[in-house]
Amino acid sequence: MVWEKEEGTGCIELVGALRGHKKAVLCLAVVSDLVCSGSADKTIRIWRGVAGNYLCLMVLEGHNGPVKCLAAAVDRCNQNDMSFMVYSGGLDCDIKAWQISVPLL
């Protein structure tokens, strides 16, 4: 579920849901305007919120067990896109580093 704080009033309201994982979401990481979610379905999904709607930009597959922890950082930015490093740890005893690029809005 996505909750956002309303400007001015400070009230928190439900604005949407991120749907796509087949099993429970076990961890989240936020970097820039992206949300990364790791799941028991062994995948990582990269989400971007645009005008209150969240879109799944990509699905990262490669773990052989549930993804239990995530961290993310900006790698580089140019005039067309932004590159991020996403680090994941899974119950398969692997730590993976993913470099992803997304277009700038």
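Evaluate the following for PRO103: is it farther than 23 Å from MET1 by Cα and open to solvent by 30 Å² or more (accessible area, probe 1.4 Å)? Criteria met by PRO103. Only one entry of ILE12, ILE44 meets the criterion of being modelled with pLDDT of 95 or more and either of a type in the set (A, V, I, L, M, F, W, C) or surrounded by 13 or more Cβ atoms within 10 Å (Cβ to Cβ) (or both), and that entry is ILE44. Identify all residues within segment 28-51 that are more than 9 Å from the chain's Cα centre (by Cα) and either in a strand (DSSP E or B) or of a type outside the set (A, V, I, L, M, F, W, C) (or both); write none if there are none. Correct list: SER32, ASP33, SER39, ASP41, LYS42, THR43, GLY49, VAL50. State whether one or more residues within segment 64-79 are under 25 Å from GLU4 (Cβ atoms), in contact with a Lys or Arg (Cβ under 8 Å, 6 or more places away or on another chain) and assigned to a loop (DSSP other than H, G, I, E, B). No, that holds for no residue.
For segment 85-100, filtering for residues that are assigned to a strand (DSSP E or B) and either basic (Lys, Arg) or touching a Lys or Arg at 6+ places or on another chain (Cβ under 9 Å) (or both) leaves 6. Close Cβ contacts (under 8 Å, 6 or more residues apart or on different chains) running from residues in segment 6-20 that are of a type in the set (A, V, I, L, M, F, W, C) to residues that are surrounded by 10 or more Cβ atoms within 10 Å (Cβ to Cβ) and not in a strand (DSSP E or B) comprise ILE12/GLU6.
Here's the yes/no breakdown for (1) under 30 Å from ILE12 (Cα atoms); (2) touching a His at 6+ places or on another chain (Cβ under 9 Å); (3) at pLDDT 95 or above; (4) buried (at least 16 other Cβ atoms within 10 Å of the Cβ):
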| residue | (1), (2), (3), (4) |
| --- | --- |
| GLY52 | yes, no, no, no |
| ALA72 | yes, no, yes, yes |
| SER83 | no, no, no, no |
| SER88 | yes, yes, yes, yes |
| LYS96 | no, yes, yes, no |
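The values are calculated or read from the model by the stated rules, or taken from the named source; none is laboratory data. These numbers come from a predicted model, not from an experiment. All Cβ positions, even for glycine, are placed from backbone atoms using ideal geometry, and neighbour counts span all protein chains on display. Areas reflect the complete protein model, heavy atoms only, side chains present, ligands, DNA and RNA absent. Shrake-Rupley method; radii C 1.70, N 1.55, O 1.52, S 1.80 Å.
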